[in-house]
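The values are calculated or read from the model by the stated rules, or taken from the named source; none is laboratory data. Remember, predicted model here, so these are calculated numbers, not experimental data. Here the Cβ is made from the backbone with ideal geometry for all residues, glycine too, and neighbour counts use every protein chain on show. When the accessible area is computed, the model is the full protein with side chains, heavy atoms only, and any ligands, DNA or RNA have been set aside. Shrake-Rupley method; radii C 1.70, N 1.55, O 1.52, S 1.80 Å.
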Amino acid sequence: LWLLDSSKITWNYNDLKDALIAYQLDNWIISSKTSDDAWYFWPKTRKKMWDEYESMLDQIKIQNQIDTIHSQATAKINTLMNAIWNPKFWDNNSQTKALQQILKALKVSTNLKVSWSFWDKTQTAIKRYQLSRKIISNFYDDWAWVYWPKTKETLKNELISIYETSLLKNAWLLAYKK
């Protein structure tokens, strides 16, 4: 709908006529500049422009819905991730349990038991997650099993993507996501 671009409109009659003819040619409404219906704002031209305008409005509406869902997913996951501090070996708390639930949901470790205790299987699950996402290079890396900012950020972004995809599927918008 470049005709609606106000920066290109000179309001000169011939420019407007040429723009309309170019639009009609581009959209196969007329076959040549000399066609009898060239430059007339007749029903086919009006219908085509209206359809494009409605399509543009639909795209804007869909993008707004996608943006809203992304904001909701980000807010929910940020709240979840902010509740998990930096669990340490043998910690017994809800943050450890939340981290274990996330790792289990991501199928990082099939034998991870969800409990309140940070134990060796939790440590191994974190290492597996870090290795699979290339956060660490091996199990003996200095940052292996440490729930440090890079691990937390990677985990947060992955969870946002998963949750957002779920919300988009429920809203029938997944195909429109760019």
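Looking at (1) closer than 30 Å to D58 by Cα; (2) touching a residue at least 40 places away in the same chain (Cβ under 8 Å); (3) open to solvent by less than 70 Å² (accessible area, probe 1.4 Å), which is the only condition L174 fails?
Evaluating L174 over (1) closer than 30 Å to D58 by Cα; (2) touching a residue at least 40 places away in the same chain (Cβ under 8 Å); (3) open to solvent by less than 70 Å² (accessible area, probe 1.4 Å) leaves (2) as the failure.
Out of the residues in the range 70-85 that are touching a Phe, Trp or Tyr at 6+ places or on another chain (Cβ under 9 Å) and open to solvent by 70 Å² or more (accessible area, probe 1.4 Å), which is nearest to S117 (Cα to Cα)?
Checked the range 70-85; the qualifying residue nearest to S117 (Cα to Cα) is W85.
Looking at this structure, is S55 more than 30 Å from Y147 (Cα to Cα) and either modelled with pLDDT of 90 or more or surrounded by 11 or more Cβ atoms within 10 Å (Cβ to Cβ) (or both)?
Spelling it out, S55 is indeed more than 30 Å from Y147 (Cα to Cα) and either modelled with pLDDT of 90 or more or surrounded by 11 or more Cβ atoms within 10 Å (Cβ to Cβ) (or both).
Could you tell me whether any residue of the range 119-126 is in contact with a strand residue (DSSP E or B) (Cβ under 9 Å, 6 or more places away or on another chain), open to solvent by less than 80 Å² (accessible area, probe 1.4 Å) and either assigned to a loop (DSSP other than H, G, I, E, B) or at pLDDT below 85 (or both)?
Within the range 119-126, not a single residue is in contact with a strand residue (DSSP E or B) (Cβ under 9 Å, 6 or more places away or on another chain), open to solvent by less than 80 Å² (accessible area, probe 1.4 Å) and either assigned to a loop (DSSP other than H, G, I, E, B) or at pLDDT below 85 (or both).
Residues that are closer than 30 Å to Q130 by Cα and among the charged types (D, E, K, R), at least 1 per element: which helices (runs of 4 or more DSSP H) completely within the range 1-108 meet that?
It comes to 43-82, 94-105.
Would you be able to say whether some residue in the range 162-172 is outside any helix (DSSP H, G or I) and modelled with pLDDT under 85?
yes
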